[in-house]
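Trainee: Before I ask anything, here is the structure I am working with.
The values are calculated or read from the model by the stated rules, or taken from the named source; none is laboratory data. The structure presented is a predicted model; accordingly, all values stated were derived computationally and were not measured. Methodologically, a virtual Cβ is constructed for each residue, glycine included, from the backbone with ideal geometry; neighbour enumeration extends over all protein chains shown.
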Amino acid sequence: MDTDKTAVFPSFNMPPTERGKARWRKVVNTAKRLFEERGYNEVSLAEIVRESGGSFATVYRWFGNKDDLFLCVVLDHISKVHEIIESTPLSGATAQEDVEALVGKLVANIPFGLVRHVFSETTLFKGNKAPALELIEKNTNVPIAGLFARIRQKHGVEFILSDEELAFVFARYFRGLFVELTLDASQTARRLEQGKRLIVSVLTSFIRVQKGARR
């Protein structure tokens with residue numbers, strides 16, 4: 001978890017030492033795996049402590065309780081989205097190919113199993129909605145807007161929307177697909193492909209090629 005996140009959620013106390021951070025990371029990764037495999041209600045804090053090799057005292061000091069540890073696991077993944085977006089290479093021959101690469105990269109990193117439990121345990125986010133939304137906004141819309149700026153510059157194209165507006169459109173369509181696939185796991189592969197095509201089609205429809213620009 002980065003320092004910005006701990007500022008928004010001060011109950012998540014990242015240890016200052018490298019050894020402590022490694023232990024903290026092991027607890028979070030263990031909790032994420034167990035929550036994804038079996039669900040929030042079926043995993044006890046004792047199991048997480050035992051499998052991560054930590055102690056109850058340490059886990060309580062870092063996360064507070066099981067609810068906050070679960071919230072931390074979810075927000076930790078959200079914080080990685082920024083990294084995922086920024087690491088998406090712009091290697092396409094056209095702007096559309098680069099948009100397709102971005103959509104594909106994000107879809108490949110959706111933790112459907114984990115988020116299904118988020119929806120079933122919505123009370124865990126009561127009181128944290130505003131900072132959670134702020135974190136999502138920062139780690140999706142902001143880097144996506146930056147990526148569209150890079151696409152525009154690389155391919156010499158104009159969009160009829162600003163980079164920020166494109167990020168807004170992308171986020172709304174993408175989150176809709178995200179929610180749909182999280183709530184209903186049937187025919188996931190087909191729905192993913194349909195959703196990806198729709199998102200790419202909508203975004204590329206806003207492209208206005210500049211005179212002399214290469215495609």
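Trainee: Which helices (runs of 4 or more DSSP H) does the stretch 88-175 wholly contain that include 1 or more residues that are at pLDDT 75 or above and among the small types (Gly, Ala, Ser)?
Mentor: In the stretch 88-175, 95-108, 129-155 are the helices (runs of 4 or more DSSP H) which contain 1 or more residues that are at pLDDT 75 or above and among the small types (Gly, Ala, Ser).
Trainee: Then there is this: Could you list, ordered by first residue, the pairs with Cβ atoms under 6 Å in which the first is in the stretch 163-182 and farther than 12 Å from VAL107 by Cβ and the second is small (Gly, Ala, Ser) and surrounded by fewer than 18 Cβ atoms within 10 Å (Cβ to Cβ), at least 6 apart or interchain?
Mentor: ASP163/ALA149
Trainee: Oh, and also: With the structure loaded, tell me whether GLY64 is more than 19 Å from the chain's Cα centre (by Cα) and at pLDDT 85 or above or whether it fails that test.
Mentor: So GLY64 fails the test.
Trainee: If you don't mind, there's one more thing I want to ask. Would you mind stating whether LYS32 is part of a helix (DSSP H, G or I), charged (D, E, K, R), touching a residue at least 40 places away in the same chain (Cβ under 8 Å) and under 19 Å from PRO111 (Cβ atoms)?
Mentor: Values: part of a helix (DSSP H, G or I): yes; charged (D, E, K, R): yes; touching a residue at least 40 places away in the same chain (Cβ under 8 Å): yes; under 19 Å from PRO111 (Cβ atoms): yes.
Judged against the criteria, LYS32 is a match.
Trainee: Follow-up question, since we're still on this one. Only one of these is closer than 27 Å to ASP184 by Cβ, assigned to a loop (DSSP other than H, G, I, E, B) and without any contact (Cβ under 8 Å) to a residue 60 or more places away in the chain: VAL73, VAL43. Name it. Please lay out each step first, then the result.
Mentor: Details: VAL73 fails: assigned to a loop (DSSP other than H, G, I, E, B).
Result: VAL43 is the single residue among VAL73, VAL43 that is closer than 27 Å to ASP184 by Cβ, assigned to a loop (DSSP other than H, G, I, E, B) and without any contact (Cβ under 8 Å) to a residue 60 or more places away in the chain.
Trainee: Of everything in the stretch 169-204, what is surrounded by fewer than 17 Cβ atoms within 10 Å (Cβ to Cβ), over 19 Å from GLU97 (Cβ atoms) and not polar (S, T, N, Q)? Give them in sequence order.
Mentor: Within the stretch 169-204, ARG172, ARG175, GLY176, VAL179, GLU180, LEU183, ASP184, ALA185, ALA189, ARG190, ARG191 meet the criteria.
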